[in-house]
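Asks: Here it is, the structure in full.
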Amino acid sequence: MPSGNIEIDIPPPLTIRQAHELKQLVLGALKDCSALTLRLPSGSAVDLSFVQLIEAARVYAVRAGIRLSLANPAEEELVHLLQSAGLPPAAQTFWSSPEQTR
């Protein structure tokens with residue numbers, strides 16, 4: 001298993017326009033670490049594609065035994081989007097707390 005902790009800054013916008021690049025960034029980081037922290041940009045546009053991508057990364061990380069966390073809880077606009085998406089409790093905890101999940 002890869003070792004080490006990695007922190008990455010997620011570039012804005014958090015939308016479908018950046019989905020391919022973001023997928024490559026996060027997947028590459030997950031393959032090279034045992035723990036990954038994502039720093040989300042403040043005040044960025046966000047859509048459901050971003051949530052789906054990070055949720056897929058969260059599930060992958062859990063299955064691979066990699067700790068995935070957010071540097072800070074999701075901002076208000078993202079929280080509203082998450083509530084509309086109807087995510088399960090484990091996902092809601094991930095987005096609302098900078099605690100690491102495994």
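Computed from the coordinates by the stated procedures, all read-outs in this text should not be read as laboratory data. Nothing here was measured: the structure is a model prediction, and the numbers come from that model. Positions of Cβ are generated from backbone atoms using ideal geometry, with glycine treated the same way; all protein chains shown enter the neighbour counts.
Asks: Suppose we keep only residues that are out of contact with any Phe, Trp or Tyr (no Cβ under 6 Å at 6 or more places or on another chain) and aliphatic (A, V, I, L, M) within region 80-89. Which one would you say is surrounded by the fewest Cβ atoms within 10 Å (Cβ to Cβ)?
Replies: 85
Asks: For residue 6, state whether it is touching a Cys at 6+ places or on another chain (Cβ under 7 Å) and surrounded by 13 or more Cβ atoms within 10 Å (Cβ to Cβ).
Replies: Taking the combined requirement at face value, the residue satisfies it.
Asks: Further question: Quickly run through region 49-79 and pick out the residues that are under 15 Å from residue 15 (Cβ atoms) and surrounded by fewer than 14 Cβ atoms within 10 Å (Cβ to Cβ).
Replies: 52, 77
Asks: If a residue has to be in contact (Cβ under 8 Å) with a residue 40 or more places away in the chain and either of a type in the set (S, T, N, Q) or not in a helix (DSSP H, G or I) (or both) to count, how many in region 71-86 make the cut?
Replies: Residues meeting the conditions: 1.
Asks: Does region 32-42 contain any residue that is surrounded by 14 or more Cβ atoms within 10 Å (Cβ to Cβ), in contact (Cβ under 8 Å) with a residue 24 or more places away in the chain and of a type in the set (Lys, Arg)?
Replies: Checked region 32-42: no residue is surrounded by 14 or more Cβ atoms within 10 Å (Cβ to Cβ), in contact (Cβ under 8 Å) with a residue 24 or more places away in the chain and of a type in the set (Lys, Arg).
Asks: Okay, next question. For residue 92, are the conditions met, namely being without any contact (Cβ under 8 Å) to a residue 12 or more places away in the chain, out of contact with any strand residue (DSSP E or B) (no Cβ under 7 Å at 6 or more places or on another chain) and surrounded by 14 or more Cβ atoms within 10 Å (Cβ to Cβ)?
Replies: Considered against the rule, which asks whether it is without any contact (Cβ under 8 Å) to a residue 12 or more places away in the chain, out of contact with any strand residue (DSSP E or B) (no Cβ under 7 Å at 6 or more places or on another chain) and surrounded by 14 or more Cβ atoms within 10 Å (Cβ to Cβ), residue 92 comes out as yes.
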